[in-house]
Amino acid sequence: MEKQKVGGEEKHASGYSWYVLSVLVVVYILNFIDRQIISILALEIKADLGLSDSEMGFLGGAAFAVFYALFGIPLGRLADNWSRVKLLSIGLALWSTMTALSGFARSQLTLTLARMGVGIGEATASPTAYSLISDYFPKRQRATALAIYSSGLYLGGGVSLLIGAKISQVWNAAYPGGGPGGLVGWHAAFLAVGLPGILVAIWVATLREPVRGAMDGTPSKSSDRPFAEFFADLSTIVPPFTLIGAARRGAGALAINLAVAAGLIAFSWIMIELTGNLPQWSAVALGYYAVFSWASVLRQKDPATFRLIWGTPAFICTTLGYSMVALTAYALAFWSAPYAEQVLKLPKAELAFWLGANGAISGFLGVIIGGRVADALRARNPAGRILVILFGVIAPVLPIWIGYTTWDPLLFYVMNFLAGLFGSAALGAAAATTQDLVLPRMRGTATASFFLGTTLVGLCFGPYMVGQVSDLVGGMVNGKFVGDLRTGIVSLIAVAPIAVVLLIYAYKAVPQAEATLAERAGEKA
């Protein structure tokens with residue numbers, strides 16, 4: 001097994017390191033409860049607000065994802081320059097408050113605004129957590145620690161179904177015509193899961209801030225002006241300030257920026273005309289333009305970080321390859337409950353229990369086993385972790401096909417379990433690979449960049465893609481239009497070949513990229 005020594009002394013994770021990890025897992029559980037509870041409430045929200053499947057896909061995806069991804073960029077940089085513990089506690093309080101405010105939404109617009117707020121708050125979570133874990137655990141244990149942290153994703157997602165269904169059912173039974181203030185079951189569910197996070201934020205604030213980079217033998221200081229840099233970074237992603245920043249870099253940079261903006265506007269206009277979904281494609285255009293603008297500024301201000309992230313094909317292909325896994329996972333996480341309720345006609349209480357337990361257990365086992373296997377393969381092969389990501393792409397294909405074409409509820413639950421188990425195995429491997437491809441001072445930014453892929457590709461398009469296909473192939477039933485969720489979900493299989501090509505390239509490129517890390521950065525590692 002690979003040993004990590006600093007100053008001739010092998011580094012170990014302490015008992016306090018494991019305590020911090022356990023707190024971070026609790027935070028991530030809350031993160032995904034607040035993010036995913038909309039899934040079990042989807043049909044109620046859809047009926048109450050008069051929405052289509054593609055519009056629900058937007059609320060479950062891009063409405064959250066774009067702002068989560070964009071604010072993850074400056075917040076990831078802030079995590080590199082300021083107290084990660086303070087940043088995480090503030091972010092947790094913010095997203096919990098916005099989740100609670102979702103409980104007062106009366107239209108698509110107000111629910112969209114609340115989901116945007118949740119996305120901004122949750123953007124603090126993974127950049128801070130990944131960076132903290134990397135400073136509390138040595139490299140040889142990092143994939144395992146990140147996999148344990150990532151288990152909160154699946155535990156939170158599973159628990160959200162159980163909690164959401166129960167609260168909604170109890171509330172609607174107690175107040176059939178709506179409760180105080182006209183609140184119905186799905187309103188009450190948002191309120192109930194949002195408020196406890198504020199108390200957990202106080203707990204998070206008690207954690208100790210570790211020395212940045214000490215576990216790798218390269219201790220580094222935080223910036224003397226973290227918030228000045230944060231607001232400078234924020235201005236690089238918010239139009240029209242992006243144009244001012246481009247103009248300062250010269251006429252050529254401004255011309256390129258304007259050309260990219262025009263191209264994205266034209267693309268979004270075409271897609272709006274084709275799909276009729278203004279919010280989805282407006283958000284996509286905004287998100288991708290803002291990322292381009294930020295990356296252009298990063299290239300000028302921090303060329304070393306740009307080279308190791310945006311200028312490293314191994315990093316890009318690993319991120320995009322895993323993003324295809326995330327696209328499928330997010331789509332299934334959002335649509336499996338509405339599918340079971342609408343297509344298979346399963347009772348909400350039953351499907352919430354089985355899908356919630358399925359998601360929690362399969363995801364937890366998959367991400368832990370995948371992380372352990374990834375670390376073992378990494379010890380034998382510098383690109384060994386990529387094999388685990390490839391497994392996460394290929395293995396779920398058959399279970400998805402069988403599970404979402406059968407009418408047998410038991411077979412549906414079993415195949416859904418297997419798809420979750422296999423797909424979740426890839427997360428720890430992908431996260432650890434991207435962390436290994438940058439220097440310690442860049443980890444927060446690298447995490448934000450990694451999550452750009454999982455959100456602006458995976459979450460932004462996964463739920464929406466299923467909803468859009470469902471609307472396109474649906475038809476009239478008893479005088480009412482009904483989407484075809486079965487075809488929408490099965491269409492997810494089409495992304496697997498794209499991921500395989502990207503990850504095969506990453507498998508070949510990762511060893512050389514990691515071996516030349518300091519040389520390419522132009523810095524002392």
Filter segment 82-101 for residues that are touching an Asp or Glu at 6+ places or on another chain (Cβ under 9 Å) and buried (at least 24 other Cβ atoms within 10 Å of the Cβ); the one that is farthest from Ala123 (Cα to Cα) is Thr99
Of those in segment 277-308 that are without any contact (Cβ under 8 Å) to a residue 60 or more places away in the chain and over 30 Å from Ala513 (Cβ atoms), the residue surrounded by the most Cβ atoms within 10 Å (Cβ to Cβ) is Trp281
Cβ pairs under 6 Å, 6+ apart or interchain, first in segment 403-423 and within 18 Å of Leu153 (Cβ to Cβ) and in the same structural domain as Val388 (by TED's automatic domain parsing), second of a type outside the set (Val, Ile, Thr) and outside any helix (DSSP H, G or I), ordered by first then second residue, are Ala419/Pro396; Phe422/Ala395; Phe422/Pro396; Gly423/Pro396
So, Thr328, is that one among the polar types (S, T, N, Q), within 21 Å of the chain's Cα centre (by Cα), farther than 30 Å from Ala515 by Cβ and surrounded by 24 or more Cβ atoms within 10 Å (Cβ to Cβ) or not?
yes
inquiry  = Residues that are over 17 Å from Gly76 (Cα atoms), within 15 Å of the chain's Cα centre (by Cα) and modelled with pLDDT under 90: does segment 443-458 have at least one?
reply    = no
Every listed condition ((1) assigned to a helix (DSSP H, G or I); (2) over 21 Å from the mean Cα position of the chain (by Cα); (3) more than 24 Å from Ala62 (Cα to Cα)) holds for Ala314 save (2)
Note on Ser39: of the conditions (1) at pLDDT 90 or above; (2) farther than 20 Å from Leu456 by Cα, unmet is (2)
Conditions (1) surrounded by fewer than 19 Cβ atoms within 10 Å (Cβ to Cβ); (2) in contact with a Pro (Cβ under 9 Å, 6 or more places away or on another chain); (3) assigned to a helix (DSSP H, G or I) -> Val170 fails only (2)
Checked segment 505-525 for anything in a helix (DSSP H, G or I) and without any contact (Cβ under 8 Å) to a residue 60 or more places away in the chain; matches are Glu519
Phe315 meets each of (1) assigned by TED's automatic domain parsing to the domain that holds Val457; (2) surrounded by fewer than 19 Cβ atoms within 10 Å (Cβ to Cβ); (3) farther than 26 Å from Val490 by Cβ with one exception, condition (2)
By residue number, the members of segment 103-152 that are of a type in the set (Ser, Thr, Tyr) and outside any helix (DSSP H, G or I) are Ser107, Thr124
Residue count, segment 235-279, condition of a type in the set (A, V, I, L, M) and not in a helix (DSSP H, G or I), comes to 2
Condition first: surrounded by fewer than 24 Cβ atoms within 10 Å (Cβ to Cβ), assigned to a helix (DSSP H, G or I) and either without any contact (Cβ under 8 Å) to a residue 24 or more places away in the chain or not aliphatic (A, V, I, L, M) (or both). Can you find one or more residues in segment 381-390 that meet it?
yes
Residue pairs qualifying under the 7 Å Cβ cut-off, at least six apart or on distinct chains, with the first in segment 131-144 being assigned by TED's automatic domain parsing to the domain that holds Val20 and the second being part of a helix (DSSP H, G or I) and polar (S, T, N, Q), are Ser131/Thr447; Ser134/Gln435; Tyr136/Ser17; Phe137/Ser17; Arg142/Ser134; Arg142/Gln435
### Residue in segment 468-488 that is part of a helix (DSSP H, G or I), among the hydroxyl-bearing types (Ser, Thr, Tyr) and surrounded by fewer than 21 Cβ atoms within 10 Å (Cβ to Cβ) present
yes
If we ask which residues in segment 103-128 are hydrophobic (A, V, I, L, M, F, W, C) and closer than 11 Å to Leu49 by Cβ, their number turns out to be 3
| request: Check whether at least one residue in segment 60-68 is buried (at least 24 other Cβ atoms within 10 Å of the Cβ) and touching a Lys or Arg at 6+ places or on another chain (Cβ under 6 Å), and report yes or no. | output: yes
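The values are calculated or read from the model by the stated rules, or taken from the named source; none is laboratory data. The structure displayed is predicted, hence computed values, not measured ones. Note that each Cβ is placed from the backbone with ideal geometry, even for glycine, and that neighbours are counted across all protein chains shown.
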